[in-house]
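Worksheet: one structure, shown below.
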Amino acid sequence: MDRPALKRLIADIEAGKIDCVVVYKVDRLSRSLLDFARMMQTFEKYRISLVSVTRQFNTATSMGRLVLNVLLSFAQFEREIISERTRDKIAATRRKGKWPAGTRCWATTST
């Protein structure tokens with residue numbers, strides 16, 4: 001939720017400048033189910049429509065909201081799995097004695 005463009009979007013919604021939010025994929029808006037639920041509350045409060053270019057769902061119906069929550073649950077799961085795999089890969093690299101981040105900078109002194 002701490003993204004400048006998202007904050008501008010929410011401010012524009014609250015100012016009444018927007019009546020529809022169009023996204024390419026829903027998980028690009030947020031991969032956190034909790035954050036997305038907060039956004040949906042704001043959308044509902046200001047009667048904002050959410051449209052996904054790649055997914056067909058209607059957030060006005062209970063079935064549409066269910067489909068949306070399932071999609072977001074999978075997006076959050078995917079994000080968490082990627083994080084776990086990255087941490088595991090870095091830990092394995094360290095155990096092998098390799099440097100896991102960029103190039104090393106060795107300070108040398110000349111006498």
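For D12 and Q56, the difference between the fully extended length at 0.36 nm per residue and the C-alpha to C-alpha distance is 13.3 nm.
If I build a Gaussian network model for the chain, linking alpha-carbon pairs within less than 10 angstrom, which residue out of S73, S52, S62 has the largest mean-square fluctuation? Of S73, S52, S62, the most mobile in the Gaussian network model is S62. As a calculated quantity, the FRET efficiency between V21 and T93 at R0 = 30 Å, using C-beta atoms, amounts to about 0.15. The distance between label points at Q41 and S73 comes to 2.0 nm (points 7 Å beyond Cα on the Cα→Cβ vector). Relative to the dominant Cα principal axis of the chain, helix 33-45 is inclined by about 30°. The calculated 222 nm mean residue ellipticity attributable to helices in the chain amounts to -18500 deg cm²/dmol, summing -39500 (n - 2.57) over DSSP H runs of n ≥ 4 and dividing by all residues. D by Stokes-Einstein for the chain, Kirkwood Rh over Cα pairs, 4 °C, 1.567 mPa s: 76 µm²/s. Annotated for segment 17-99: lysine pairs at least 8 residues apart or interchain, Cα distance under 28 Å, count 4. Dipole of the chain computed with +1 at Lys/Arg Cβ and -1 at Asp/Glu Cβ about the Cα centre; of Y46, G97, N58, farthest Cα towards the positive end is G97.
Laboratory data are not the source of any read-out in this text; all were calculated from the coordinates shown. If you're wondering where the values come from, they're calculated on a predicted model, not measured in any experiment. Virtual Cβ from ideal backbone geometry, glycine too; neighbours counted across all protein chains shown.
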